[in-house]
Amino acid sequence: MLKRGARRTVVDLGADAGQVVKVLHGGALRDFFRARGEARATHALRLRGVRTPALFHLERAFGGRSLRFERVEGARSLRDALGAGAKRALVPPLVALLTELHRARAAHPDLHPGNVLFDRAGDAWVIDVRGTGLSANESAWRGSVAGLCGSLRERHPGFVAAAARALAEALPGLDLSALAREARVARARATRRRVRVWLRSSGETDVEADGTVRVRPGVADAPPGWETRHVDSGPAAWGTLVRAHLHGLQAAIPRATGRSWVECAVPPGAREVERPPSAGLARALAWRGLGVRGPLLEDEGCRTWLGPRSTLHGTDGGPV
């Protein structure tokens, strides 16, 4: 099984079958329109020369709608490929894929690192194409690419910069300053959506019978020696800790939350202080267009961390 969610399950049938099956189980009417939308977008993109897996069959199966796609041999997502290193080699095929989408006037609605695959030969593919705009103008295509850049810019800034330069060379006239602005906005929006996901059962969290939301093991584990703190606080504190984790910021690690409390892991000996962020945290916040209010945590080395009573905001003073 490649992926399992509330509304879909993706199963790899193996190299011999050469197929991947996506089963939709979100309700009969919803599944019908989702399956039809993905089938139409897949067909249209392939006709326009965009590398996306071929759809072999659409059927009723396993209690829902089932789509059988071509298997991408040796597939690994952009997220996994970046984690394995050799980032420079990923730039040309990624730029080639984005250029194909531009030429096809296609704007993918959810272009993130999990929806870009690299095959064994190193070519890039795009998946989950339902909802792709097929008469997109330059702004809509750039907004789609900005979503991808926004999801990568905090953890892989060098890769994003190299890909943006290569894309500008492939597409003269591309407004890189607009792309950079839109990437930051897209990241903020995506993070807000992800915070809401962390309040229900998902790939990251489980909801217990009493309403407690608990982070799954392996999702946000604390380093050895960190202490567990139980803090009386409201939902805003959980939102801050989850946002900080998603942004890759120096912060207490969220573990669980209830209606009026938060459990998190903090560095050894950390205490609350009213002071400006230390240099490393200040730079990280500025790069993300963020500021912080409220008390921070200070560890034994006098470094500051975002804590459960800290509040993130946009640098224009607005919420994030």
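The values are calculated or read from the model by the stated rules, or taken from the named source; none is laboratory data. Here the structure is a predicted model, which is why all the values come from computation and not from measurement. With ideal geometry, Cβ positions are generated from the backbone for all residues, glycine too; neighbour counts draw on all protein chains shown. Areas reflect the complete protein model, heavy atoms only, side chains present, ligands, DNA and RNA absent. Shrake-Rupley method; radii C 1.70, N 1.55, O 1.52, S 1.80 Å.
Quick look at the numbers
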read-out: Given charges at Cβ of Lys, Arg, Asp, Glu: the stretch 45-97 dipole, positive-most of 47, 66, 83; value: 47
read-out: With DNA, RNA and ligands ignored, accessible area of residue 169 (1.4 Å probe; Å², nearest 10); value: 150
read-out: Geometric extent, Cα atoms of the stretch 1-109 - Rg, Dmax (angstrom); value: 15.3, 44
read-out: Angle in degrees between helix 176-197 and the longest Cα principal axis of the chain, rounded to the nearest 10; value: 70
read-out: Nearest 10 degrees, 0 to 90: helix 28-47 Cα axis against the chain principal axis; value: 70
read-out: Gaussian network model of the chain, springs between alpha carbon atoms under 10 Å - residue of 159, 118, 56 with greatest fluctuation; value: 56
read-out: Calculated from backbone phi, Karplus (6.51, -1.76, 1.60) coupling profile of the stretch 158-165 in Hz, x at Gly/Pro; value: x, 5, 5, 5, 5, 5, 5, 5
read-out: Counting DSSP beta bridges with both ends in the stretch 30-182, the antiparallel % (nearest 5); value: 100
read-out: Relative contact order of the stretch 111-250, pairs being alpha-carbon contacts under 8 Å that are 6 or more residues apart, as %; value: 18
read-out: Probe 1.4 Å, protein heavy atoms only - accessible area per residue of the stretch 79-119 in square angstrom; value: 44
read-out: D_trans [Stokes-Einstein, Kirkwood Rh over alpha-carbon pairs] for the chain, 4 °C, 1.567 mPa s, µm² s⁻¹; value: 60
read-out: Helix 91-103 vs. the chain, principal-axis angle (Cα, 0 to 90°, nearest 10); value: 60
read-out: Accessible carbon and sulfur surface of the chain relative to its total accessible area, %, 1.4 Å; value: 52
read-out: The stretch 206-283 - Kirkwood radius from inverse mean 1/r over Cα pairs (Å); value: 13.4
read-out: Percent of alpha-carbon pairs separated by more than 27 Å within the stretch 52-178; value: 20
read-out: Accessible area of the stretch 170-274 divided out per residue, in Å², using a probe of 1.4 angstrom; value: 52
read-out: Residue 261 accessible area, assembled protein chains, probe 1.4 Å, Å²; value: 50
read-out: Positive-end residue, the chain charge dipole about Cα centroid, Cβ charges, pick of 190, 234, 108; value: 108
